[in-house]
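So the structure is just underneath, and the comments pick up after that.
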Amino acid sequence: MQDYFHAYGVVATLLVVGGALVGGGLAANRMLRPSRPTGEKLTTYECGVDPVGEGWAQSYVRYYVFAYLYVVFAVDAVFLFPWATVFSAPGYGATTLGEMFVFLAFLAVGLAYAGKKGVLSWV
């Protein structure tokens with residue numbers, strides 16, 4: 001039982017030391033940096049363009065859907081690399097091949113659904 005709680009003590013110690021390092025770095029940054037606030041520095045920064053007009057801007061949901069589709073296919077690519085290494089191992093070929101076909105079928109259904117809803121067209 002002593003070893004069980006000792007393992008949690010190590011984790012707690014590492015969390016405290018890590019928090020102290022982060023807090024110490026932030027405190028050192030605050031003490032060492034120059035602080036000269038001006039009116040120009042306190043204005044809203046918008047990619048080098050002076051802020052003009054209201055703070056409200058509409059954006060199309062389609063852009064978020066494209067980002068979501070990118071994430072889905074990026075996860076697909078991340079899954080393919082370990083699959084390729086396990087596929088070559090003896091005894092795992094048929095299992096991993098079946099898993100990959102199921103995974104790709106899910107992706108194909110999602111892509112077909114997005115195409116049916118018209119998400120993939122820019123117009």
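The values are calculated or read from the model by the stated rules, or taken from the named source; none is laboratory data. Being a predicted model, the structure only gives us computed values, none of them experimental. Cβ: placed from backbone, ideal geometry, glycine included. Neighbour counts: every protein chain shown. Areas reflect the complete protein model, heavy atoms only, side chains present, ligands, DNA and RNA absent. Shrake-Rupley method; radii C 1.70, N 1.55, O 1.52, S 1.80 Å.
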Point to revise | Debye log10 I(q)/I(0) at q = 0.13, 0.17 Å⁻¹ for the chain, Cα point scatterers | key: -0.95, -0.95
Study note, to complete from the structure: Projected onto the charge dipole of the chain (unit charges on the beta-carbon of Lys, Arg, Asp and Glu, signs +1, +1, -1, -1), the Cα from TYR4, MET31, VAL17 with the largest positive-side position is that of MET31
Review point. At a probe radius of 1.4 Å, what is the per-residue accessible area of VAL75, in Å² to the nearest 10?
Key: 80
Check your understanding: According to a simple spin-label model (label point 7 Å from Cα along Cα-to-Cβ), what is the distance in nm between PHE73 and ALA20?
Key -> 5.0
Check your understanding: Sorted by mean Cβ packing within 10 Å, highest first, what order do the peptides 36-42, 85-91, 100-106 take?
Key -> 100-106, 85-91, 36-42
Check your understanding: Is it possible to state the helix-based mean residue ellipticity at 222 nm for the chain, with each DSSP H run of 4+ residues giving -39500 (n - 2.57), the sum divided by total residues, to the nearest 500 deg cm²/dmol? What is it?
Key -> -24000 deg cm²/dmol
Check your understanding: Which of the helices in the chain, when you take each full DSSP H run, stretch at least 27 Å along the axis at their Cα atoms and have an average Kyte-Doolittle score of 1.0 or higher?
Key -> 61-87, 93-116
Point to revise | Order of exposure, largest accessible area first, which applies to LEU80, LEU15 with probe 1.4 Å | key: LEU15, LEU80
Point to revise | Unit charges on C-beta of K, R, D, E only; dipole of the stretch 1-80, Debye | key: 280
Exercise for review: Please work out the C-alpha center-to-center distance from the stretch 2-45 to the stretch 103-123 and express it in whole Å.
Suggested key: 44
